Amino acid sequence: MVSFDDLLGGRDKLSLVGLGYVGMPIAVAFARRLRVVGFDVNEAKVAQYRAGVDPTREVGDEAVAATTVEFTSDERRLREARFHIVAVPTPVRADHVPDLRPVESASAAVGRNLRPGSVVVYESTVWPGVTEDVCVPILEKESGLKCGEDFFVGYSPERINPGDKVHRLETITKVVSGMDGATLELVARVYGLVVEAGVHRAPSIRVAEAAKVIENSQRDINIAFMNELSHIFDRMGIDTLDVLEAAGTKWNFLPFRPGLVGGHCIGVDPYYLTYKAEAEGYQSQVILSGRRINDDMGRWVAQKCVKMLIAADRPVRGARVAILGLTFKEDCPDTRNTRVVDIIDELGEYGIEPVVADPVADAGEARALYGVELADAADVRGMDAVIVAVAHERFRGMAADELAALFGEGPRVLLDLKGALDRDACMAAGYCYWRL
């Protein structure tokens with residue numbers, strides 16, 4: 001097995017397979033201590049990294065320009081490394097069935113270039129058993145090597161929170177696991193080089209996989225409860241955030257809030273757990289119920305907007321509606337699995353083609369994934385209704401005159417989904433205001 005000293009001494013390299021929101025920060029962090037090969041099949045992305053540009057905004061252009069990571073889209077460069085970290089996405093298909101093709105493809109690429117004594121660690125979110133039952137056979141087939149004799153595997157679930165500048169790779173306890181004691185200790189020592197918060201040694205790979213898949217499932221369920229409360233309190237004419245602020249004064253009340261649940265983690269990971277549960281003969285109740293509530297929120301918001309337009313005596317078909325924000329979370333350019341598109345689609349059912357503006361989103365990604373052409377801020381004028389869908393810093397606390405400039409004459413319908421604006425000031429200014 002590759003030794004820790006050979007990695008630290010530069011005689012062996014570490015590879016990072018998948019340079020997205022998870023892989024890129026890991027690669028840059030390890031490059032401060034080790035020799036690192038950063039591999040991604042996306043040649044355009046690799047070209048950006050080589051040019052010192054960070055499209056993820058996770059580490060910043062300056063850090064990318066200064067890093068010693070050897071960026072490549074040539075999988076043969078993986079032969080230079082004997083410690084591999086796989087951090088590719090694990091999405092779901094339209095029918096919510098897990099799509100393992102990215103992790104299978106990455107395993108094949110690593111396998112074709114696997115050298116004896118190598119260690120392969122997976123970070124991708126999967127159901128318990130995927131590393132050993134799905135990935136290892138691919139590695140063995142492509143390499144002709146035997147797991148446990150010629151190479152070894154581990155699992156260390158990613159905990160990167162895109163856009164979060166406080167909870168970073170270095171400051172979050174890292175769960176690590178290995179197929180045996182020696183592999184576990186090596187994986188723990190390697191991650192210990194960059195994770196200041198320390199590591200937690202899970203007793204098995206399956207335990208580590210299970211720990212990851214329940215983290216976001218738990219969060220999904222808690223947000224679903226908040227979203228259900230939003231439905232209930234809206235019928236009662238009570239502001240949900242007022243209720244949560246009051247309830248939050250109790251020491252053990254969990255501070256979750258309602259909202260759209262998208263992205264490549266919270267809105268996806270629960271399906272990996274429920275898929276495996278069903279394969280084991282158990283039909284999930286709580287997890288899938290929460291998923292249904294959260295997946296329905298965009299449609300409900302659009303319907304609320306239509307009702308508010310009608311109440312304001314505004315025509316619905318052809319109404320000028322602006323949506324501010326397209327990304328799946330605030331101050332992050334990632335639009336993958338954003339549930340803002342559900343609002344767009346549902347408004348379309350009423351004959352409304354909204355103007356979508358987002359100063360943070362990747363315009364090319366928005367066009368490629370959803371066919372959405374992002375508008376310039378100057379195009380958001382003369383609106384009948386405005387939906388502040390994502391609480392980007394650019395939108396939080398927007399000045400009164402700037403907000404007013406978005407609307408045309410007559411009643412102004414304003415939906416502030418995350419409470420990014422001053423509710424009392426908006427209502428005092430005469431807006432027809434609503435928030436989740």
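The values are calculated or read from the model by the stated rules, or taken from the named source; none is laboratory data. These numbers come from a predicted model, not from an experiment. No Cβ is skipped: glycine too gets one built from the backbone with ideal geometry, and neighbour counts run over all protein chains shown. Just so you know, the surface numbers come from the protein's heavy atoms only, side chains and all, with ligands and any DNA or RNA stripped out. Shrake-Rupley method; radii C 1.70, N 1.55, O 1.52, S 1.80 Å.
Would you check if there is a residue in the range 51-61 being open to solvent by 20 Å² or more (accessible area, probe 1.4 Å) and part of a helix (DSSP H, G or I)? Checked against the condition, which is being open to solvent by 20 Å² or more (accessible area, probe 1.4 Å) and part of a helix (DSSP H, G or I), the range 51-61 yields at least one hit.
Go through the range 376-410 and give me each residue that's closer than 18 Å to residue 330 by Cβ, in contact (Cβ under 8 Å) with a residue 60 or more places away in the chain and open to solvent by less than 50 Å² (accessible area, probe 1.4 Å). Correct list: 386, 387, 388, 389, 390, 391, 392, 395. In the range 9-30, what count of residues is obtained for those that are surrounded by fewer than 24 Cβ atoms within 10 Å (Cβ to Cβ) and under 31 Å from the mean Cα position of the chain (by Cα)? Qualifying residue count for the region: 3. Once the range 164-195 is narrowed to residues that are within 23 Å of the chain's Cα centre (by Cα) and acidic (Asp, Glu), the residue that is nearest to residue 26 (Cα to Cα) is 170. Just one of (1) farther than 30 Å from residue 335 by Cβ; (2) open to solvent by 20 Å² or more (accessible area, probe 1.4 Å) fails for residue 151. It is (2). A Cβ distance below 6 Å, combined with a sequence gap of six or more or placement on separate chains, defines the contacts here; from the range 40-63, residues that are more than 15 Å from residue 160 (Cβ to Cβ) reach residues that are among the aromatic types (Phe, Trp, Tyr) and surrounded by 15 or more Cβ atoms within 10 Å (Cβ to Cβ) in the pairs 46/71; 49/71; 50/71.
Could you go through the range 361-369 and let me know if any residue there is closer than 27 Å to residue 410 by Cα, out of contact with any strand residue (DSSP E or B) (no Cβ under 7 Å at 6 or more places or on another chain), touching a residue at least 40 places away in the same chain (Cβ under 8 Å) and open to solvent by 60 Å² or more (accessible area, probe 1.4 Å).
Going residue by residue through the range 361-369, those that are closer than 27 Å to residue 410 by Cα are none.
Scanning the range 361-369, I find no residue that is closer than 27 Å to residue 410 by Cα, out of contact with any strand residue (DSSP E or B) (no Cβ under 7 Å at 6 or more places or on another chain), touching a residue at least 40 places away in the same chain (Cβ under 8 Å) and open to solvent by 60 Å² or more (accessible area, probe 1.4 Å), so the answer is no.
Within the range 99-148, the set of residues being open to solvent by 10 Å² or more (accessible area, probe 1.4 Å) and among the hydroxyl-bearing types (Ser, Thr, Tyr) comprises 105, 143.
Considering the range 33-45, and only residues there that are modelled with pLDDT under 95 and outside any loop (DSSP other than H, G, I, E, B), the residue that is farthest from residue 189 (Cα to Cα) turns out to be 44.
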